[in-house]
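Worksheet: one structure, shown below.
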Amino acid sequence: MGKTTNGQLFARAQGVIPGGVNSPVRAFQSVGGTPYFVARGKGAYVWDVEGTRYLDYVQSYGASILGHAHPKVVDAITLAAAEGTSFGAPTEREVLLAEEITSRVPGCEMLRLVSSGTEATMSAIRVARGATGRDRVILFSGCYHGHSDGLLAGGGSGVATLGLPASAGVPKGAVAETLVAPYNEVPDVDRDVACVIVEPVAANMGLVSPLPGFLPGLREACDRAGALLIFDEVITGFRLAYGGATEVFGVRPDLWCFGKVIGGGLPLAAFGGRRDLMEQLAPLGEIYQAGTLSGNPLATAAGLAVLSELDRSCYAELAERVGRLGAGLAGALGPDVQVPVVGPLVGLFFSAETVTSYEGATKSAATGRYPGLMHGLLERGVAMAPGAYEVLFPSLAHGDAELDRTVEAFADAVAAGL
Ligand SMILES: *Cc1c(COP(=O)(O)O)cnc(C)c1O
C-alpha cells in the first residue's frame, strides 16, 4: 500500500487530526513513540503501512472476536452494501439482530440499536431517569461508560463522592447528580438514585473481577431503594459467555448496554432491558431517543454474521485457550506481575497482589513498567494496546501457534529486562 511510513503518516495526521488520532486511546501518548498505521488485518494479525506484521491483541478494543476480516463477516457486509447502505426505514435485519440478542440474554426483553457504546450508556441512563423520575446516577471509579457528559465524572479515591468533571468542557452541572463509588464496594443507594451503572467485569482499568458479593449486593441495594441496575456489557457482552455477564454471575440487571462484539467491527451498539422500561421510549412513551444511522444495514449484517458464528462451544474453547495463555504469561512474567483472566479477557498488573479497585490499578500503572514492555513486545511482533489500563483481547483466530509465540515474546522481553 504505497511507500508511506508510519512516521510520515503520523506527521500528516497531526496536522489535520488532533493528536493524529480519532480516539485518544490510539495515540502513543502514554507509552511514547509513533503509532503504527494499520494497512490491513487478517485473523489474529495486522500489517502496518510499512509491511510489518503484528500479532494483534488490540482487536479494535474488543470489537473483533472472530479476528480481522473473517470471511463470513466480509461476505455479509459486501452483500448488504450492494443492497443499499441506509434507508431511514425499518429493515428485516434489525428485527433479526434484536431477536438474536434478546434470545441470548435472559431478562433482556426489548432492545434498541444505536451506533456506539457511548450512545447506548447515555440512552440507558435516560431510560432509568425517565422511568424512575429520579436524577441521581451511581457509577464506579475505573469503569468507563463512554464519553457523554454525565458519565465523564471522576471521584475521590477510596470513598464514594459526588462526581467532578473528568474532562474540560463537561459542566459541573452535568455531573452534579453523578456519584462515583469505589469498585467492588456496594455503595449506599438512597431513594433519590435512578440507577447504578457498572461494568460487571471491569475491563477499562486493566482487568478487575467483581468480588463475590459485589454484583448481588448491587442488585439488593437497588431493589431496596427502587433504583435500577444497569450492566454496561459493551466489552463483556457476547465475549464473556453466550449470554454475557448475566449468565456468568447469575445477577440480572434491569437494563443492559452492548457494543463492540455485536457490531462485528462496524458502528453498532444497543441498549435493552425489561419490557416495561423499554416501552417508555418514544414513540410509545415520553423518553426521547433517536438515530439516523441506528440499526444500519451494514452494521446489522456484520452483527448477525458474528453472532451466528458464536455458539456456546466457541466460548468454552476461547476460555480454555486463553486460560492457557494467562498461565503462560504469568509464568513468563513472574510473581511480581498479576495476569488476571476472566473468560477470554486477560489483564496485566504490575503488582504482587490481586487488584480489586481502581486504586490498585493506578498503582500498577505508576510502576511505569507497561510502556517498556509494550514496546518490547511490539519489537517482537506482538501488539498490545498503547495504554496501561487496557486489556488483551485474544480472538478465536488466535490459535495455539499464536498463543505460544505470545508467551515466548513475553519471556524474551522479560529476559531482556523489560
Ligand atoms: C468502549 C466502551 C464504551 C463506549 O463505547 P464506544 O463505542 O467507544 O462509544 C462504553 N462502555 C464500556 C464498558 C466500554 O468498554
| note | Apart from one, (1) open to solvent by 60 Å² or more (accessible area, probe 1.4 Å); (2) within 14 Å of the ligand (Cβ to nearest atom); (3) in a loop (DSSP other than H, G, I, E, B) all hold for M122; the odd one out is (3)
| note | Given the conditions (1) within 16 Å of the ligand (Cβ to nearest atom); (2) under 21 Å from D192 (Cβ atoms); (3) free of Cβ contacts under 8 Å to residues at least 24 places away in the same chain, every one holds for L164 apart from (1)
| task | Might you check whether a residue that is assigned by TED's automatic domain parsing to the domain that holds R129, surrounded by 17 or more Cβ atoms within 10 Å (Cβ to Cβ) and not in a loop (DSSP other than H, G, I, E, B) occurs anywhere in the stretch 323-337? | result | no
| Unique residue being under 21 Å from L345 (Cβ atoms), part of a loop (DSSP other than H, G, I, E, B) and assigned by TED's automatic domain parsing to the domain that holds L392 when the list is V25, V31 | V31
| message | Given the condition over 28 Å from V198 (Cβ atoms) and in contact (Cβ under 8 Å) with a residue 40 or more places away in the chain, answer yes or no: does some residue in the stretch 102-117 qualify? | response | no
| task | Tell me, please, whether a residue that is within 16 Å of the ligand (Cβ to nearest atom) and surrounded by fewer than 18 Cβ atoms within 10 Å (Cβ to Cβ) can be found in the stretch 299-320. | result | no
| query | Of the residues R275, R224, R252, R239, which is touching a strand residue (DSSP E or B) at 6+ places or on another chain (Cβ under 6 Å) and among the basic types (K, R)? | reply | R275
| message | Filter the stretch 125-163 down to the residues that are surrounded by fewer than 16 Cβ atoms within 10 Å (Cβ to Cβ) and modelled with pLDDT under 95 and list them by number. | response | G156, S157, G158, V159, L162
| field | Inter-residue pairs, beta-carbon under 6 Å, first under 20 Å from L345 (Cα atoms) and in the stretch 62-89, second of a type outside the set (A, V, I, L, M) and open to solvent by 40 Å² or more (accessible area, probe 1.4 Å), 6+ apart | value | G62/K260; A63/K260; A63/G265; S64/G265; L66/E309; H68/K42
| task | With the condition kept exactly as written, say whether any residue in the stretch 59-66 is within 16 Å of the ligand (Cβ to nearest atom), outside the structural domain of L284 (by TED's automatic domain parsing), among the aromatic types (F, W, Y) and closer than 25 Å to N184 by Cβ. | result | yes
| request: Inspect the stretch 226-233 for any residue being in a loop (DSSP other than H, G, I, E, B) and within 16 Å of the ligand (Cβ to nearest atom) and give the result as yes or no. | output: no
| task | Residue by residue through the stretch 171-201, note down the ones that are more than 21 Å from G273 (Cβ to Cβ), among the hydrophobic types (A, V, I, L, M, F, W, C) and within 16 Å of the ligand (Cβ to nearest atom). | result | V180
| Hits in the stretch 245-264 (condition: small (G, A, S) and buried (at least 24 other Cβ atoms within 10 Å of the Cβ)) | A245, G259, G263, G264
| task | Say whether the condition of being surrounded by fewer than 24 Cβ atoms within 10 Å (Cβ to Cβ) and within 18 Å of F393 (Cα to Cα) is met by at least one residue in the stretch 266-286. | result | yes
| Which pairs have Cβ atoms under 6 Å, sit 6 or more apart or on different chains, and link a residue in the stretch 401-416 that is assigned by TED's automatic domain parsing to the domain that holds M374 to one that is β-branched (V, I, T) and modelled with pLDDT of 95 or more? | T406/V382; A409/V382
| Quick one: in the stretch 102-117, which of the residues that are out of contact with any strand residue (DSSP E or B) (no Cβ under 8 Å at 6 or more places or on another chain) and modelled with pLDDT of 95 or more is nearest to the ligand (Cβ to nearest atom)? | R104
| request: Output the residue which, of all residues in the stretch 80-94 that are within 17 Å of G263 (Cβ to Cβ) and assigned to a helix (DSSP H, G or I), is most open to solvent (accessible area, probe 1.4 Å). | output: R93
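The values are calculated or read from the model by the stated rules, or taken from the named source; none is laboratory data. Keep in mind the model is a prediction, meaning the values are calculated, not measured. Cβ sites come from the backbone with ideal geometry, for glycine too, and all protein chains shown count toward neighbours. The protein model used for the area step is the full one, side chains on, heavy atoms only, and it has no ligands, DNA or RNA in it. Shrake-Rupley method; radii C 1.70, N 1.55, O 1.52, S 1.80 Å.
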